[in-house]
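Heads up, the thing below is written out as structure tokens.
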Amino acid sequence: MLNVRRGPGELEHRPYFFLSYAHTPRYGAGGPDPDMWVKRLFRDLCGHVMAMTDLPAGAPAGFMDREIRSGEGWSERLGEVLATCRVFVPLFSPRYFASEMCGKEWYAFAQRAIYHQAKSNRPAEAIVPVQWVPMLPEQLPGPAERLQFNHRAFGDRYVTDGLYGLIKLRIFREEYETAVYELAKRIVSMADTTHFAPGHPVDYRHAPSAFGKPGGGPRPMHVTVVAPTRHDLSDGRASDYYGTHPQDWNPYHPDSARPLAYVAQDLMRSLNYQATVSSFDQETPSDLSQPPTRPELLLVDRWALEDEQLRARLAAFDAEPRPWVSVVVAWNRDDPQSRVSEAELVQKLERTMPHQMRQGRAICRAAARGVLSMEAFGQILPQVVESVAQEYLRHAEVYPATPPLGGDRSERPRFRGPMAEYGTTEYSTHIPWSPDVEDS
């Protein structure tokens with residue numbers, strides 16, 4: 001394991017950067033190592049980082065996976081480094097974004113940044129992308145495309161040829177050295193200015209890919225918040241967890257400084273979803289004679305069930321089957337009022353929405369029983385999201401393609417509107433039971 005010490009401050013001697021890249025298959029028997037140029041880049045970056053910092057001898061300047069091949073597993077050490085490194089450095093290439101392994105590495109690091117922002121209410125910019133092979137913006141999945149990064153700071157030749165082109169051709173040696181030196185400076189500067197807290201290691205078996213469906217754009221997903229505002233709380237309910245709008249609900253206060261709906265939105269965006277947020281008060285009941293237009297999560301505060309009119313609206317919503325909608329109940333047992341009133345409020349929700357509380361996969365039913373921490377929320381959310389996405393695929397209407405006049409009308413059906421972004425890929429991510437998910 002890493003030589004780190006967990007203390008009241010930051011971890012000592014944790015790597016400045018994690019180099020994330022797609023392993024290239026060896027061409028021909030006995031051929032050269034196709035990743036030799038990545039290893040050279042890693043050595044050069046580590047040398048610059050050691051020169052620019054006060055890291056002691058033997059401390060890891062960076063980390064590069066030299067042994068694991070794509071799809072062959074995920075060591076404990078790999079998970080530990082992703083949970084503790086300061087900066088994530090992905091090498092962009094078509095092979096990189098086609099790699100499930102690379103997508104899992106990206107998500108494991110990105111969810112740390114989301115938790116950091118939720119706890120501190122300050123963004124954590126800790127990804128330094130590298131153009132290993134030049135790629136157009138439209139070739140990038142959403143999480144990569146949204147990065148605000150000026151590649152021209154590394155030189156014009158780097159932009160046109162990528163680091164692979166510079167490192168392979170001797171005539172570009174000077175341009176390569178310049179680009180790598182500037183890259184190392186950016187890594188050190190970002191690591192030293194972004195006080196990025198370590199997280200808990202992610203298990204590869206349960207990590208989703210940040211890149212979503214290969215070749216697909218961001219998929220639609222909606223978050224509807226069922227919560228009161230600070231102005232319409234029941235008598236005696238503390239206002240610390242609420243704001244002016246239902247979307248301001250922050251159930252994990254004071255551990256979290258951000259409303260949960262926007263933490264959920266960030267987590268979904270890191271999974272290549274186009275996530276939107278509204279409150280239940282803003283929604284009008286959908287016409288069930290029409291196909292659904294998007295999958296949906298209902299983030300529910302049990303305290304909202306104290307409002308009789310809202311209970312009636314939720315009961316009417318529950319009366320019609322909507323398998324493309326899943327309930328997630330965020331519940332903070334460190335809140336003394338919630339702890340005292342839990343049994344009563346659980347019964348109210350189960351009587352009001354019996355169908356929604358019992359539908360879907362086991363992980364969805366666990367989420368409806370209660371998620372007790374923000375970390376548990378981040379663990380359970382990816383599978384709940386994929387579950388409702390698949391239900392959406394099964395229930396959204398399919399329209400036949402219009403053939404040319406006199407053509408074959410037996411052509412396979414095609415998806416209309418947002419369905420096209422989903423394709424037909426089945427997703428299977430298994431998130432294990434967590435002690436921070438209620439099992440009552």
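Confirm whether Ile167 is of a type in the set (Val, Ile, Thr) and under 23 Å from Ser256 (Cα atoms).
no
If Trp331 passes every condition in (1) crowded, with 19+ Cβ neighbours inside 10 Å; (2) under 27 Å from Arg258 (Cβ atoms); (3) out of contact with any Gly (no Cβ under 6 Å at 6 or more places or on another chain); (4) in contact (Cβ under 8 Å) with a residue 40 or more places away in the chain but one, which one does it miss?
(3)
Being hydrophobic (A, V, I, L, M, F, W, C) and at pLDDT 95 or above is the filter here, so list the residues in segment 239-266 that pass it.
Hits for segment 239-266 are Trp249, Leu260, Ala261, Val263, Ala264.
Based on what the data block shows, is Asp156 farther than 28 Å from Gly199 by Cβ and at pLDDT below 90?
Here the answer is yes, as Asp156 does meet what is asked.
Condition test on Arg77, is it out of contact with any Lys or Arg (no Cβ under 9 Å at 6 or more places or on another chain), in contact (Cβ under 8 Å) with a residue 40 or more places away in the chain, closer than 25 Å to Pro198 by Cβ and surrounded by fewer than 20 Cβ atoms within 10 Å (Cβ to Cβ)?
yes
Restricting the first residue to segment 350-361 and requiring it to be under 14 Å from Phe317 (Cα atoms), which pairs with a second residue that is surrounded by 21 or more Cβ atoms within 10 Å (Cβ to Cβ) and of a type in the set (Gly, Ala, Ser) meet a Cβ separation below 6 Å and a spacing of at least six or different chains?
Short answer, once both residue conditions are applied: Met357/Ala368.
Any chance you could count how many residues in segment 175-191 are under 10 Å from Val87 (Cβ atoms) and in contact (Cβ under 8 Å) with a residue 60 or more places away in the chain? Even if it seems obvious, please write down each step before you answer.
So the first thing to find is which residues in segment 175-191 are under 10 Å from Val87 (Cβ atoms), and the list is 186-191.
Checking the rest, the ones that are also in contact (Cβ under 8 Å) with a residue 60 or more places away in the chain come to 187-188, 190-191.
Of the residues in segment 175-191, 4 are under 10 Å from Val87 (Cβ atoms) and in contact (Cβ under 8 Å) with a residue 60 or more places away in the chain.
Take the conditions within 19 Å of Trp331 (Cα to Cα) and either out of contact with any Asp or Glu (no Cβ under 7 Å at 6 or more places or on another chain) or not assigned by TED's automatic domain parsing to the domain that holds Arg86 (or both) and apply them to Pro208. Does it pass?
No: the conditions fail for Pro208.
In segment 179-195, is there at least one residue being within 20 Å of Ala275 (Cβ to Cβ) and of a type in the set (A, V, I, L, M, F, W, C)?
Among the residues of segment 179-195, not one is within 20 Å of Ala275 (Cβ to Cβ) and of a type in the set (A, V, I, L, M, F, W, C), which makes the answer no.
Could you grab me the full set of residues in segment 131-143 that are out of contact with any helix residue (DSSP H, G or I) (no Cβ under 6 Å at 6 or more places or on another chain) and either within 24 Å of Tyr181 (Cβ to Cβ) or without any contact (Cβ under 8 Å) to a residue 60 or more places away in the chain (or both)?
Met135, Leu136, Glu138, Gln139, Leu140
Among the candidates Gly162, Gly199, which residue alone is touching a strand residue (DSSP E or B) at 6+ places or on another chain (Cβ under 6 Å) and in the same structural domain as Lys104 (by TED's automatic domain parsing)?
Result of the check over Gly162, Gly199: Gly162.
Looking only at segment 144-154, which residues are free of Cβ contacts under 8 Å to residues at least 60 places away in the same chain and in a loop (DSSP other than H, G, I, E, B)?
Result: Leu147, Gln148, Phe149, Asn150.
Got at least one residue in segment 47-58 being modelled with pLDDT under 95, surrounded by 15 or more Cβ atoms within 10 Å (Cβ to Cβ), under 26 Å from the mean Cα position of the chain (by Cα) and assigned by TED's automatic domain parsing to the domain that holds Glu138?
no
Would you be able to tell me the number of residues in segment 353-364 that are buried (at least 20 other Cβ atoms within 10 Å of the Cβ) and in a helix (DSSP H, G or I)?
Of the residues in that region, 4 qualify.
The values are calculated or read from the model by the stated rules, or taken from the named source; none is laboratory data. What you are looking at is a predicted structure, and each value in this text was computed from that prediction instead of being measured. Don't worry about glycine lacking a Cβ; one is built from the backbone with ideal geometry, like all the others, and counts go over all protein chains shown.
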